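For reference, the structure discussed in these notes is given below.
The values are calculated or read from the model by the stated rules, or taken from the named source; none is laboratory data. Bear in mind that the values here come from a model prediction, so they are computed numbers and not experimental data. Note that we place each Cβ from the backbone using ideal geometry, even for glycine, and neighbour counts take in every protein chain shown. Accessible surface is based on the protein model in full, side chains and every heavy atom, while ligands, DNA and RNA are left aside. Shrake-Rupley method; radii C 1.70, N 1.55, O 1.52, S 1.80 Å.
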Amino acid sequence: MPVLLLAVATAVGCSRETPAPPAVDAERPARLAAPEAEASSSAMRAIEEELRLIDPAAEGFGSEVLNSQADAALKRIGKLLAEPEADPDFEIAENFSGSELRPARFETLFSSDDLEVLGGHLESASHHGPEGFVEALRELARPFAGGEVHTKFKIDRLNEVGDGEVTTSIIYLGMGRSSEEVIQQNARWEARWQRKAEKELVLSALEASGYRENRAPVPLFSDVTQSLFEDPRHLERIRRGIDSWWGRIDAGLGYSFYGDYALALGDVDNDGLDDVYFCQPGGVANQLFRHRPDGTLEDVSAASGTDFLNDTPTALFVDLDNDGSQDLVVANLLYLMVLRGDGTGGFRLASEVLVDNAVSISAADYDADGALDLYVARYSSSRSTPSGAAVYDSDEGRPNVLLRNEGGFAFRDVTLETGIDENNRKFSFASVWEDYDNDGDQDLYVANDFGRNNLYKNLGGRFVDAAAVAGAEDTAAGMGATWADYDQDGAMDLYVSNMFSSAGGRIADKPKVQAIAGADAVEPLQRFAKGNTLLRNSGDGTFEDVSEEAGVMMGRWSWGGEFVDFNNDGWQDLMVPNGFVTNHNSKDL
């Protein structure tokens, strides 16, 4: 945030003379200056230490210095892809040898009216010398002729192999459009570099694989957000990022560091159209928008009685009393507010349930008594001072809570008596119910950020965590989960949203990390950074990890991915949102 130094000139009466300064105690500033100066010096030392940590060389991560050099070279290569007729702004080894970057012959992998997916075999060692590499790059850029292209390179493996050579594994993504089509290119590049100087790497070899080219006559989706709101103030408010609220909200009112404030969808007035509820940070009123028949949104927050100012990470529309109308559960930092819906869009508080630090709520009738129960995922530490347990297997979170619906909007905590307290000390983000074993009752999957995930198998109203024996622990940074029968074999499959970190992939096996975390941590840390997971239900109570072969791992910093059939062809597609708090620095992981 910028700091403004304001100089104020004060005039006294009509005099143009500068008034004499007031008398001061000469000793007083000296007595105050010492502690102030000491505090300032201490703060500066802390800042200097933090800035020192930015330099990977100072921290002993020489491989990250090399990564910065390779990244700089790739950015220059990306400039040529954007302007293929320009002179190259990079150096390539004279003995360079590389494969095709774009196939000479294509095969159609998928085709519909709105999307075509192409692939093909890439000939190895088909381009030689700097001119050959530039030729391959210009061929890669050819589909974007007459349009524009944006490139992104992610280096997720880097190794020094001796004799000044460095190898990198790179994810390549090209996005843009020609004069006629929207185009996306995906591939993996295995590159070899030669260290020419202390701060420069020269590309000496590159083999590409897994090339895919997606083409669409128009974008599959278009942003219509602005057209939904009559009042531009509503749009401006919901588009604010968490960095904006940080500068405007007193921390005592509450806001999430992650900025993960939820949306709740439900038909509150029984008109057949889903309405939307926006959860907001403390001090900012939550908003309920009614979905009009013309597709626009009407702010009914105050009239509905749902414009709470409490910090609200999450909320859920659900019919808790079986009257055919949507009720609303709103979670603030200290408790759940359970509101009864009247079927016309109005709500009134029916009960309060003491559950703090909730981040998500899911509902199911776990005991088959005809009333929907609530599972509340929580994200906070159970210790005032964390022990520093490994991030990939932490067991220090506050327990999640299962609330049984007792009728009349009363709920009872049955976490212990149902057995769902097993392995229940994680940092949880999301939970999803599904009968994955087809035995007629609802089972539960819980995605945890810093611990193994849970798969609670329902045994007639009692639960056992079957994640380990089912092969569904997915030890990664779990942010979300979604069920669907993606292969149409009659068994529900599971997709888990995790974090993909190219930096994590690069450094997990480096000596510096092993010295800190231990050699046994290498494989778990690599898995922790690997990305999203698709678990295919084998139909016998176990799951098979098919993430890599399905091509669904790299979703970046993923959150709540969802299975949805977007093109109505009968097959479940995946939409995976991603992102984190970046502020104005784009060099985040």
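Structural remarks
- Flag if Val576 is in contact with a helix residue (DSSP H, G or I) (Cβ under 7 Å, 6 or more places away or on another chain) and surrounded by 14 or more Cβ atoms within 10 Å (Cβ to Cβ): no
- Residue match in the range 480-489 (condition: closer than 29 Å to Arg378 by Cβ and buried (at least 23 other Cβ atoms within 10 Å of the Cβ)): yes
- Extreme residue, surrounded by the most Cβ atoms within 10 Å (Cβ to Cβ), among residues of the range 442-459 that are assigned to a loop (DSSP other than H, G, I, E, B) and at pLDDT below 95: Asn453
- Test: residue in the range 181-188 that is basic (Lys, Arg), without any contact (Cβ under 8 Å) to a residue 24 or more places away in the chain and within 19 Å of Gly78 (Cβ to Cβ): yes
- Look at (1) open to solvent by less than 30 Å² (accessible area, probe 1.4 Å); (2) at pLDDT 90 or above and you find that Glu207 fails only one, number (1).
- Total residues in the range 276-316, condition open to solvent by 20 Å² or more (accessible area, probe 1.4 Å) and at negative phi: 19
- Subset of the range 451-486 [aromatic (Phe, Trp, Tyr) and farther than 18 Å from Val401 by Cα]: Trp483, Tyr486
- For the range 416-441, a residue qualifies if it is open to solvent by 10 Å² or more (accessible area, probe 1.4 Å) and of a type in the set (S, T, N, Q), and the qualifying residues are Asn423, Ser431, Asn438.
- Checked against (1) at pLDDT below 90; (2) within 16 Å of His150 (Cα to Cα), Ser63 passes all but condition (2).
- In the range 490-518, residue surrounded by the fewest Cβ atoms within 10 Å (Cβ to Cβ) [restricted to those that are among the aliphatic types (A, V, I, L, M) and within 19 Å of Glu160 (Cα to Cα)]: Ala515
- Taking first residues from the range 555-566 that are farther than 19 Å from Val432 by Cα and partners that are of a type in the set (S, T, N, Q), the Cβ contacts under 7 Å between residues at least 6 apart in sequence or on separate chains come to Gly555/Ser497; Gly555/Asn532; Gly555/Asn578; Arg556/Asn578; Trp557/Asn578.
- The criterion of being more than 21 Å from Ala70 (Cβ to Cβ), open to solvent by 30 Å² or more (accessible area, probe 1.4 Å) and free of Cβ contacts under 8 Å to residues at least 40 places away in the same chain does not hold for Glu148.
- Scanning the range 317-339 for residues that are small (Gly, Ala, Ser) and surrounded by fewer than 18 Cβ atoms within 10 Å (Cβ to Cβ) returns a single hit, Gly324.
- Test: Gly129 is over 16 Å from Glu85 (Cα atoms) and not hydrophobic (A, V, I, L, M, F, W, C): yes
- Residue ID - farthest from the chain's Cα centre (by Cα), chosen from residues in the range 151-177 that are among the hydroxyl-bearing types (Ser, Thr, Tyr) and open to solvent by less than 40 Å² (accessible area, probe 1.4 Å): Thr167
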